[in-house]
1. So which residues in the stretch 338-366 are of a type in the set (Lys, Arg) and part of a strand (DSSP E or B)?
2. Which one of His34, His25 is surrounded by 17 or more Cβ atoms within 10 Å (Cβ to Cβ) and assigned to a strand (DSSP E or B)?
3. Residues that are of a type in the set (S, T, N, Q) and in a strand (DSSP E or B): does the stretch 139-151 have at least one?
4. Please go through (1) assigned to a loop (DSSP other than H, G, I, E, B); (2) without any contact (Cβ under 8 Å) to a residue 40 or more places away in the chain; (3) among the small types (Gly, Ala, Ser) for Ser87 and return the number of the only condition it doesn't satisfy.
5. Kindly list, by first and then second residue, each pair from a residue in the stretch 360-381 that is outside the structural domain of Asn417 (by TED's automatic domain parsing) to a residue that is of a type in the set (Val, Ile, Thr), limited to pairs with Cβ atoms under 9 Å and residues at least 6 apart or on different chains.
6. Quick check on this structure: which one of Phe76, Phe52, Phe100 is closer than 26 Å to Ser154 by Cα, touching a residue at least 12 places away in the same chain (Cβ under 8 Å) and aromatic (Phe, Trp, Tyr)?
7. Note down all Cβ pairs under 7 Å where the first residue falls in the stretch 171-193 and is under 17 Å from Tyr221 (Cβ atoms) and of a type outside the set (A, V, I, L, M, F, W, C), the second is part of a strand (DSSP E or B) and at pLDDT 95 or above, and they're at least six residues apart or on different chains.
8. Does Tyr241 count as modelled with pLDDT of 95 or more, of a type in the set (Phe, Trp, Tyr) and within 25 Å of the chain's Cα centre (by Cα)?
Amino acid sequence: MEENKIGFAKDDRNMELQDLGLYIHVPFCARKCHYCDFLSGPANETTIQKYFHALYKEIESYQGKTEDYLVKTVFFGGGTPSLVNASYIKEVMLRLREYFRFDQDNPEITLEINPGTITRDKLLLYRDLGINRLSFGLQSTNNQDLKLLGRIHSFEEFLENYQLARELGFKNINIDLISAIPGQTLESWEKTLEEVLGLNPEHISAYSLIIEENTPFYDLYSPGSPNEKELPGEDIDRQIYSKTKELMQEHSYQRYEISNYAKAGYECRHNISYWTGKDYLGLGLGSASLINGARFSNMHDLAQYIENCAKLEKEQNQKSNLSQGEKPLQKPSIKNHPIQIRRDYIELTKNQQMEEFMFLGLRMCHLGISKQKFQEQFQLDIHEVYGNVLHKLISNYLLEEEGDRIRLTDYGIDISNGVLAEFLLD
């Protein structure tokens, strides 16, 4: 088998295998942003080291259980993966390559970056590890906005990092932006968007700020709070929404998902796997998975995660010492792997799977969902299940049906939360 520059073996046995996406959670950041309710926070080096050693054990516990899968995408999310020593990312990639079979045809491997946390050496190592997509958490080009949000970087630091990534050969870069920031106007959002479009990234994610509970922003801007009026009103929010679509189209970005725009061929394959119901496995603290119709997540307590992962090695050794001829009750697989750190395991019912097919698939804007795929997956005509709902939404110009496809209209995208809720069956 051919090897790449750092010794990863390329697997040339791409047989009929099930696609798999891997999500790697790095729950550490330099400082918690004021709007963030993610499972993340600052930590010292000792804790970070213990966490990654636990993560290695979790990855190794899948030995012998992944033969039915071919890894198509990997996504390092956080927290801030770029904050930690790059040697940890290298060790994770080495183990993933050892215990999972990777697609030999250019798998998409994404790493999230917070500006101000990367160096030339880090980027060079990422590149050599096969990481071929970077996602910068910029959020705004306005330094006052960044300070308000609690970001650790300035726009100028982002520009230095972005240009360095380009200089080192990264050709697939996403930039995250947040709109509806307190005090933001249509003009200030338009300036941010135009400055980012001028950088010509391959992908832009534009999210509207959500005021989450248990965050500093909730105390400041939740309904009824003294500062609530500082949030842009619905009219400004709609104008921002419309201007975003207009400017993106002018610069040849297609809106392929409600909050995501990409140049042709640069849609995020990992996220598409979520929206199209493909299997994905979450590794690390609190990470979520969908495997063969079952949803589960890892525990959220960091100390417990580290402690329980230490037990996985002992469990693996005990299983390897089975007497000759003794067989497990069922074929080892990701789904039936009785890993000790899993929580909230749910076998999705047929109704739940149909619901997810609709309200995840319809997020894919212009692509929408396939009636034929619905039939093949559930052995039911989509109109038998959702005929009345589809008729109502199409009559109200919220959905459109064209050939095999059903998709949201532009008006439907504008009020997508209400539209998608119509597909709940239980």
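1. Across the stretch 338-366, the qualifying residues are Arg342, Arg343.
2. On inspection, the qualifying residue turns out to be His25.
3. Scanning the stretch 139-151 turns up at least one residue that is of a type in the set (S, T, N, Q) and in a strand (DSSP E or B).
4. Of the numbered conditions (1) assigned to a loop (DSSP other than H, G, I, E, B); (2) without any contact (Cβ under 8 Å) to a residue 40 or more places away in the chain; (3) among the small types (Gly, Ala, Ser), the odd one out for Ser87 is (1).
5. Cβ pairs passing all conditions: none.
6. The conditions single out Phe76.
7. Ser179/Ala206
8. Spelling it out, it is not the case that Tyr241 is modelled with pLDDT of 95 or more, of a type in the set (Phe, Trp, Tyr) and within 25 Å of the chain's Cα centre (by Cα).
The values are calculated or read from the model by the stated rules, or taken from the named source; none is laboratory data. None of these values were measured; they are calculated from a predicted model. Here Cβ is always computed from backbone atoms with ideal geometry, including for glycine, and neighbour counts include all displayed protein chains.
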